[in-house]
1. Determine whether Lys57 is at pLDDT below 60 and either open to solvent by 10 Å² or more (accessible area, probe 1.4 Å) or touching a His at 6+ places or on another chain (Cβ under 6 Å) (or both).
2. Just wondering, is there one or more residues in the stretch 119-137 that are among the aliphatic types (A, V, I, L, M), touching a strand residue (DSSP E or B) at 6+ places or on another chain (Cβ under 6 Å) and at pLDDT 85 or above?
3. Can you tell me which residue among Glu138, Glu146, Glu119, Glu73 is open to solvent by 10 Å² or more (accessible area, probe 1.4 Å), within 28 Å of Ser300 (Cβ to Cβ) and not in a loop (DSSP other than H, G, I, E, B)?
4. Can you tell me how many residues in the stretch 47-67 are aliphatic (A, V, I, L, M) and in a strand (DSSP E or B)?
5. Give me the pairs, please: first residue somewhere in the stretch 200-211 and among the charged types (D, E, K, R), second residue anywhere and assigned to a loop (DSSP other than H, G, I, E, B), beta-carbon distance under 6 Å, and either six or more positions apart or on two chains.
6. Return a yes/no flag: does the stretch 211-224 have any residue that is in a loop (DSSP other than H, G, I, E, B), open to solvent by 40 Å² or more (accessible area, probe 1.4 Å), closer than 30 Å to Pro50 by Cα and of a type outside the set (Phe, Trp, Tyr).
7. Please pick out the residue among Ser375, Ser363, Ser340 that is open to solvent by less than 40 Å² (accessible area, probe 1.4 Å), modelled with pLDDT of 95 or more and of a type outside the set (Phe, Trp, Tyr).
8. Name the single residue, out of those in the stretch 242-293 being touching a Cys at 6+ places or on another chain (Cβ under 8 Å) and either open to solvent by less than 10 Å² (accessible area, probe 1.4 Å) or free of Cβ contacts under 8 Å to residues at least 60 places away in the same chain (or both), that is farthest from Val335 (Cα to Cα).
Amino acid sequence: MKNKTFWIFALLTLSIISIAYSYTRFAFKEEKTVAECHEVPSNIESEFKPTIENKFKPTAKAPKGMVWIPGGEFSMGSNVEDESLCSIKGVTKDAAPIHRVYVDGYYMDETEVTNEEFEKFVKATGYVTVAEQKPTKEEFPTANEEDLITGSVVFTPTPSAVNLNNFLQWWRYEPGADWRHPEGPQSTIIGKEKYPVVHVVYEDAEAYAKWAGKRLPTEAEWEFAARGGKTGNLYAWGNDLKPKGKFQANIYQGHFPIKDGDTGEDGFKGIAPTKQYAPNAYGLYDIAGNVWEWVHDWYSVDYYKSLAESGKVTKNPQGPDAYYDPNDPSEVKRVHRGGSFLCTDQYCTRYMVGTRGKGEIRSAANHVGFRCVKSK
């Protein structure tokens, strides 16, 4: 890219979680241990009411690669008010207050959609993802014509420690990056058929789901499934980040975001194949970490507040009628869930089951994918 303005504009609209970056601290001065940073808040049980699962279970066999999620009534959201449990208060308040929700039963993909599954879709339909389409002057009116080239956003480690208040330091717009070439035109997905597909925007995920006879989950369906019938747990597997000393998800350990900073203590440095960790209680793999997952709902910072104020159990919520992000009001956003292989207690702990992410709907990156659901 020759035009620096276009580089910056592309990066500003990338599909990364849009948290309040200005509130993050310089992580390498943090003295607390990972265990201390992940202590369960003392009031966690008092704010969550029991999950009440539906009793109905279909007699028919679940569709291939999917599991049955019974649905029911549960407490949705998070009472964790900071980004890493030992940082600045208030960053995750878009996941509060905790409120009661009911969802009907449904089937859900047991894993994120993989490269081989997405490739079948592309071969059957000839579909071209947004990252593979040349940007237009309508989208980027200030860009020079020669700068309007296909590509996507790729995580790029920094040479040394940096202040974490500027995420542009570790992301780059990579010409030729797309789902087939996740790190750029010289990379490939050959041998990575079981890895989750990435560099897909919301409309790409929606198109795949429609072709597959499925749909994207609502945010409430996603969280009900992720909780696995449990009440108020901090993570999809419980309240301990490392039960018996073992990580349960592909997240980032070590100094973020420096080169070779990820120690790979969880078994992987970077993205991992699906099914590398134990599933949750409903049989879902990688419901935390690995790649972010698009869900159906528009993102609105105060949506949970409006549901809680109704004083009712909200039945099958579909999300707000419009998007609203006061930190970035011009960008059209949908919700992301689950966190990614770049989530770290130093910067972003959105692998916590009740927390939320968000992404501009036509921006892609190499840590964002999706999974689908199907109504019974």
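1. Values: at pLDDT below 60: no; either open to solvent by 10 Å² or more (accessible area, probe 1.4 Å) or touching a His at 6+ places or on another chain (Cβ under 6 Å) (or both): yes.
Against the criterion (at pLDDT below 60 and either open to solvent by 10 Å² or more (accessible area, probe 1.4 Å) or touching a His at 6+ places or on another chain (Cβ under 6 Å) (or both)), Lys57 does not qualify.
2. yes
3. Numbers: Glu138 fails: not in a loop (DSSP other than H, G, I, E, B); Glu146 fails: within 28 Å of Ser300 (Cβ to Cβ); Glu119 fails: within 28 Å of Ser300 (Cβ to Cβ).
Exactly one of Glu138, Glu146, Glu119, Glu73 is open to solvent by 10 Å² or more (accessible area, probe 1.4 Å), within 28 Å of Ser300 (Cβ to Cβ) and not in a loop (DSSP other than H, G, I, E, B), namely Glu73.
4. Taking the stretch 47-67 and keeping what is aliphatic (A, V, I, L, M), we get 52, 60, 62, 66-67.
Restricting the remaining residues to those that are in a strand (DSSP E or B) gives 52, 66-67.
Here the count works out to 3.
5. Once the first residue is among the charged types (D, E, K, R) and sits in the stretch 200-211, its partners that are assigned to a loop (DSSP other than H, G, I, E, B) give Asp204/Thr129.
6. Yes: the stretch 211-224 contains one or more residues that are in a loop (DSSP other than H, G, I, E, B), open to solvent by 40 Å² or more (accessible area, probe 1.4 Å), closer than 30 Å to Pro50 by Cα and of a type outside the set (Phe, Trp, Tyr).
7. Values: Ser375 fails: open to solvent by less than 40 Å² (accessible area, probe 1.4 Å); Ser363 fails: modelled with pLDDT of 95 or more.
None of the others qualify; the one that does is Ser340.
8. So in the stretch 242-293, the residues touching a Cys at 6+ places or on another chain (Cβ under 8 Å) come out as 251-252, 289.
Checking which are either open to solvent by less than 10 Å² (accessible area, probe 1.4 Å) or free of Cβ contacts under 8 Å to residues at least 60 places away in the same chain (or both) leaves us with 251, 289.
Values: Ile251: 20, Gly289: 15 Å.
So, considering only residues that are touching a Cys at 6+ places or on another chain (Cβ under 8 Å) and either open to solvent by less than 10 Å² (accessible area, probe 1.4 Å) or free of Cβ contacts under 8 Å to residues at least 60 places away in the same chain (or both), the one farthest from Val335 (Cα to Cα) is Ile251.
The values are calculated or read from the model by the stated rules, or taken from the named source; none is laboratory data. Computed from a prediction, not measured in an experiment: that's the story for all the values here. Methodologically, a virtual Cβ is constructed for each residue, glycine included, from the backbone with ideal geometry; neighbour enumeration extends over all protein chains shown. Note: accessible area is taken over every heavy atom of the protein model, side chains too, but ligands, DNA and RNA are not part of it. Shrake-Rupley method; radii C 1.70, N 1.55, O 1.52, S 1.80 Å.
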